[in-house]
Amino acid sequence: MNKRRDLSVEEKLDVLKKYDELPKMSQRQAACKLNVSQSLLGRMLKSRQEIEGNALENVNSNRKRKRAGKEEEVEEALKQWFTKVREKDARVTGPLLRQKAEDLAKKLGKDDFVATEGWFHRWKKRENISFVKPHGEQGEADQVAARSWINSEWPSLIAKYPPSCVFNADETGLYFRALPEHTYAFKNEKTRGTKTSKERLTILCCASMDGEKRKLLAIGKSKNPRCFKGVKNLPVDYTANSNAWMTKEIFTEWLTKWDNELCHDVLLLVDNCTAHVVTVKFKHINLVFLPSNTTSIIQPCDQGIIRTFKAYYRTGMRKNVISVIDSNLEQELCTLRAHEIAKKITVLEGLHLAYEAWNMVSKITIRNCFRHGGFILCPKEVEAAVEKPTDLSTELYNEWINIDEEVQTTELVTEEDICGEIQSKRFKENMVGDSDEEEPDEKPPSTKEMLEALQILRRGIQQRGDFDVFEKHKSYEDMIMKLAEEAKIQSTLDVFLSKN
């Protein structure tokens, strides 16, 4: 009997890479070529997304089997906490991690847990965590990581997809009522200061490598704003929560809807923020995370796609405000000011302005942004620049465009959230198969009930439908009558057999 052969994550990735390079052949032949068993190759292909995900999530590439420690929940909570603080580039030491592990254990109801030196050493090894000294400036380190990913990981990804099937998506905060804070005035004129309106939306932009744009997703704070009353169709997809943030649930829902529309595979590049780490496996969408702290360097949306969208949005909004002022100048009692007009812009008007601005972002601009991130190697294309208002200096214009650049757009995860999610998972696992309640058996409708339902449907269609609709219903009636007749024959046969 052959000894079972276990492969590390690194070895599995190597096998999958070599499998992609093979010409078309059967799985049995491929297994022989790759020197692995057919069953092992089949399992690897079936769990390919998980294997590649583990590699991106910094799982120990030398680990062959996934083994948990003595307190799996504490280890998972500590890993999630560590991931969050490293996203912020915070410095973390061993004593701090061990103390945090004990704090999280108490919140999970494990008061007896002690983070010993041995446990901590094994946890670090399992999670591929090492103690390192940062070298050079942060910007330099990010540049190295970004170029390394572009040179080593990107070629194998792009080999599987045409440019039209490679997308990048990212969120941005949008102060949809914000105007410039400066204005021209006579030297002896007294001007009144105003606060910048910080009413915001979160906008998800998504575009492909060849310039195709997906419909915008807007996230507001109100599910049904008053301005939506009587509106049947919105120019963008819209959802809401109390903070107008992207959440894991909203992102999953957006991906699922897109996945159901697709009939071919696509590659979607996103940053690794908490809201993007979803657990659902999609049929057509391959979700790939860009390396941490590199999105400002290589992510196409951050190379100018979002900025161009905002420039068109703010220019369009400003023109609308000026049009309102011009149309009211003839009124002697007109006291409208620009900021007062801007404050009256509704969410619906903001969505229409966003839709128009997104339409104006050209394919050339999008392709150039992918090129600037290192995803395309051909020369830069000439694109039309967004027209800057002549009365604004470059400095003030840039300040206005970037006014909402640092706005929080995704949900914040606390230690309580981490522990709550893990405890909820434990509760659901314990509930599986342990329910004392049985689901009531639903009795199938009798032939009489089905025929009575058909009569009700027929009356409704006669009153509301045309002849074609009635004809379709008639064919449906014939099918039901046939089923009823077959059931009657079967029943008669069953009775006859039971008597004999």
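The values are calculated or read from the model by the stated rules, or taken from the named source; none is laboratory data. Because the structure is a prediction, the values reported are computed rather than measured. Positions of Cβ are backbone-derived with ideal geometry, glycine not excepted, and every protein chain shown enters the neighbour counts. The protein model used for the area step is the full one, side chains on, heavy atoms only, and it has no ligands, DNA or RNA in it. Shrake-Rupley method; radii C 1.70, N 1.55, O 1.52, S 1.80 Å.
Just the residues that are outside any helix (DSSP H, G or I) and either out of contact with any strand residue (DSSP E or B) (no Cβ under 8 Å at 6 or more places or on another chain) or surrounded by fewer than 22 Cβ atoms within 10 Å (Cβ to Cβ) (or both), please, taken from segment 347-372.
Once the filter is applied, which keeps residues that are outside any helix (DSSP H, G or I) and either out of contact with any strand residue (DSSP E or B) (no Cβ under 8 Å at 6 or more places or on another chain) or surrounded by fewer than 22 Cβ atoms within 10 Å (Cβ to Cβ) (or both), segment 347-372 yields only SER362.
When you go through ALA185, ALA169 one by one, which is the residue that is under 17 Å from ILE366 (Cα atoms) and either loosely packed, with under 15 Cβ neighbours inside 10 Å or at pLDDT 95 or above (or both)?
After applying the criteria, what remains is ALA169.
List every residue pair whose Cβ atoms lie under 7 Å apart, where the two residues are 6 or more positions apart in sequence or sit on different chains, the first residue falls within segment 153-169 and is farther than 12 Å from PRO300 by Cβ, and the second residue, located anywhere, is basic (Lys, Arg).
Every condition considered, the pairs that remain are SER156/LYS17.
Count, please, the residues in segment 382-403 that happen to be surrounded by 14 or more Cβ atoms within 10 Å (Cβ to Cβ) and touching a helix residue (DSSP H, G or I) at 6+ places or on another chain (Cβ under 8 Å). Full working, then the answer.
We begin by selecting, within segment 382-403, every residue surrounded by 14 or more Cβ atoms within 10 Å (Cβ to Cβ); these are 383, 386, 388-389, 392, 396-401, 403.
Retained after the next criterion (residues that are touching a helix residue (DSSP H, G or I) at 6+ places or on another chain (Cβ under 8 Å)): 383, 386, 388-389, 392, 400-401.
Summing the residues that are surrounded by 14 or more Cβ atoms within 10 Å (Cβ to Cβ) and touching a helix residue (DSSP H, G or I) at 6+ places or on another chain (Cβ under 8 Å) in segment 382-403 gives 7.
SER498: modelled with pLDDT under 65, of a type in the set (Gly, Ala, Ser) and open to solvent by 80 Å² or more (accessible area, probe 1.4 Å), yes or no?
Yes, satisfied.
Taking the condition surrounded by 15 or more Cβ atoms within 10 Å (Cβ to Cβ), at pLDDT below 85 and more than 27 Å from the chain's Cα centre (by Cα), does LEU97 pass?
For LEU97, the condition - surrounded by 15 or more Cβ atoms within 10 Å (Cβ to Cβ), at pLDDT below 85 and more than 27 Å from the chain's Cα centre (by Cα) - is met.
For residues that are in a loop (DSSP other than H, G, I, E, B) and at pLDDT 90 or above, tally how many sit in segment 284-315.
Looking only at that region, the number is 4.
Yes/no per residue for (1) within 14 Å of the chain's Cα centre (by Cα); (2) free of Cβ contacts under 8 Å to residues at least 60 places away in the same chain; (3) open to solvent by less than 20 Å² (accessible area, probe 1.4 Å):
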| position | (1), (2), (3) |
| --- | --- |
| SER208 | no, no, yes |
| GLY220 | no, no, yes |
| LEU255 | yes, yes, yes |
| GLU261 | no, yes, no |
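Would you point out which residue out of ILE250, ILE298 is in contact with a helix residue (DSSP H, G or I) (Cβ under 6 Å, 6 or more places away or on another chain) and β-branched (Val, Ile, Thr)?
ILE298
Return a yes/no flag: does segment 293-300 have any residue that is at positive phi, in contact (Cβ under 8 Å) with a residue 24 or more places away in the chain and not hydroxyl-bearing (Ser, Thr, Tyr). Full working, then the answer.
Taking segment 293-300 as the starting set, the residues that turn out to be at positive phi are 293.
Still in the running and in contact (Cβ under 8 Å) with a residue 24 or more places away in the chain: 293.
Next, from what is left, pick out any that are not hydroxyl-bearing (Ser, Thr, Tyr): 293.
Yes.
Just checking, how many residues over segment 263-291 are hydrophobic (A, V, I, L, M, F, W, C) and open to solvent by 70 Å² or more (accessible area, probe 1.4 Å)? Spell out the reasoning first.
Restricting attention to segment 263-291, the residues satisfying the condition of being hydrophobic (A, V, I, L, M, F, W, C) are 263, 266-270, 273, 275, 277-278, 280, 282, 285, 287-290.
With open to solvent by 70 Å² or more (accessible area, probe 1.4 Å) added as a condition, the list becomes 263.
The number of residues fulfilling the criteria is 1.
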